[in-house]
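Scroll down for the structure; my scribbles are underneath it.
The values are calculated or read from the model by the stated rules, or taken from the named source; none is laboratory data. Worth saying up front: this structure is predicted, and the values here are computed from it rather than measured. Please note: Cβ atoms are built from the backbone with ideal geometry, for glycine as well, and neighbour counts cover all protein chains shown.
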Amino acid sequence: MPTFDQDAIAAFTPTGRLRASINLGNPILAGTDAATGAAKGVSVDLATELARRLGVELELVVVDAAGKSVEVVAQERADVGFFAIDPLRGADIAFTAPYVLIEGCYLVREGSPLQANEEVDRAGHAVVVGQGSAYDLFLTRELRHARIERSPTSPTVVDTFMALGDAADVAAGVKQQLQADAARLGGLRLLPGRFMVIRQAMGVPKRRGAAAAAALAAFVEEMKASGFVAQALARHGIQGASVAPKGQ
């Protein structure tokens, strides 16, 4: 049975179904089933459960980059989405508290003189990020000396980094994606530690109203507290991400 009142159901489902934006550009949250080609992952599980509680069908709006996911929700072509919390994105989207925390890391070539995160932001260095990703938004604000080069999506960051050769010094992204690319390509290493923690949340268009935002926030808190998020991470074999604390 639905656990939302009729006003909330109407706010979330103006088309009669729940349209959820799923970003395949973040391997922590979503990927593609090798057998069926369908999207799968933690975000898909959360969207499925939300639709079940609303008592409506689920429609996945699948994109390949975070910026596109933000766009489809901000333009109300999707009703909910899964994003890294960022002030710029908050102009049109009401975020819940985070449900998952993810590490953002730097990757360099084996022979790079860079040994620490603090050494990256220096004149003459170039950092490759995914266009519109949480890393792009964060580093655009934080880097004072290094310049930013943008790859079309987060999964293509390391390939872009390699293609740029000596014109790029660092690749920035999700730790697990960088680790996988380093293993695939060889001759690469991650700098120790992390340069940011990404707070992954759900979001709803602000135009849907404060009640819808509050209902989604309560849903996320219940999914954390019940163990649903932790179980989804385990079920999909996700490492390096942790369930966010209550209300944070």
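Identify, from the list 204, 243, the residue that is more than 30 Å from residue 109 (Cα to Cα) and touching a Lys or Arg at 6+ places or on another chain (Cβ under 6 Å).
Values: 204 fails: touching a Lys or Arg at 6+ places or on another chain (Cβ under 6 Å).
The match here is 243.
Being in contact with a strand residue (DSSP E or B) (Cβ under 7 Å, 6 or more places away or on another chain), outside the structural domain of residue 229 (by TED's automatic domain parsing) and not in a strand (DSSP E or B) is the requirement here; does residue 139 meet it? Yes.
Which one is nearest to residue 205 (Cα to Cα), of the residues in region 67-109 that are at pLDDT 95 or above and basic (Lys, Arg)? Ranking the candidates gives 77 first. For region 202-216, filtering for residues that are under 15 Å from residue 79 (Cβ atoms) and either among the hydrophobic types (A, V, I, L, M, F, W, C) or surrounded by fewer than 20 Cβ atoms within 10 Å (Cβ to Cβ) (or both) leaves 10. The set of residues in region 1-39 being charged (D, E, K, R), assigned to a loop (DSSP other than H, G, I, E, B) and either at pLDDT below 95 or closer than 20 Å to residue 153 by Cα (or both) consists of 5, 33.
Scanning region 80-135 for residues that are closer than 30 Å to residue 60 by Cβ, small (Gly, Ala, Ser), surrounded by fewer than 23 Cβ atoms within 10 Å (Cβ to Cβ) and touching a strand residue (DSSP E or B) at 6+ places or on another chain (Cβ under 8 Å) returns 94, 97, 104. If I ask for residues that are touching a strand residue (DSSP E or B) at 6+ places or on another chain (Cβ under 6 Å) and closer than 17 Å to residue 152 by Cα, which ones from region 40-69 would you list? Hits for region 40-69 are 62, 63, 66, 69.
In contact (Cβ under 8 Å) with a residue 24 or more places away in the chain, more than 15 Å from residue 216 (Cβ to Cβ) and not β-branched (Val, Ile, Thr), is that true of residue 46? Walk me through it before giving the result.
Values: in contact (Cβ under 8 Å) with a residue 24 or more places away in the chain: yes; more than 15 Å from residue 216 (Cβ to Cβ): no; not β-branched (Val, Ile, Thr): yes.
In short, no.
Scanning region 226-245 for residues that are of a type outside the set (A, V, I, L, M) and either part of a helix (DSSP H, G or I) or touching a residue at least 40 places away in the same chain (Cβ under 8 Å) (or both) returns 228, 231, 235, 236, 239, 240, 242.
Return yes or no: is residue 176 surrounded by fewer than 16 Cβ atoms within 10 Å (Cβ to Cβ) and either more than 15 Å from the chain's Cα centre (by Cα) or outside the structural domain of residue 229 (by TED's automatic domain parsing) (or both)? Show your work before the answer.
Numbers: surrounded by fewer than 16 Cβ atoms within 10 Å (Cβ to Cβ): no; either more than 15 Å from the chain's Cα centre (by Cα) or outside the structural domain of residue 229 (by TED's automatic domain parsing) (or both): yes.
The answer is no for residue 176.
In the set (1) more than 26 Å from residue 191 (Cβ to Cβ); (2) under 12 Å from the mean Cα position of the chain (by Cα), the condition left unmet by residue 65 is number (1).
Scanning region 157-186 for residues that are part of a helix (DSSP H, G or I) and touching a Gly at 6+ places or on another chain (Cβ under 7 Å) turns up 157, 175, 176.
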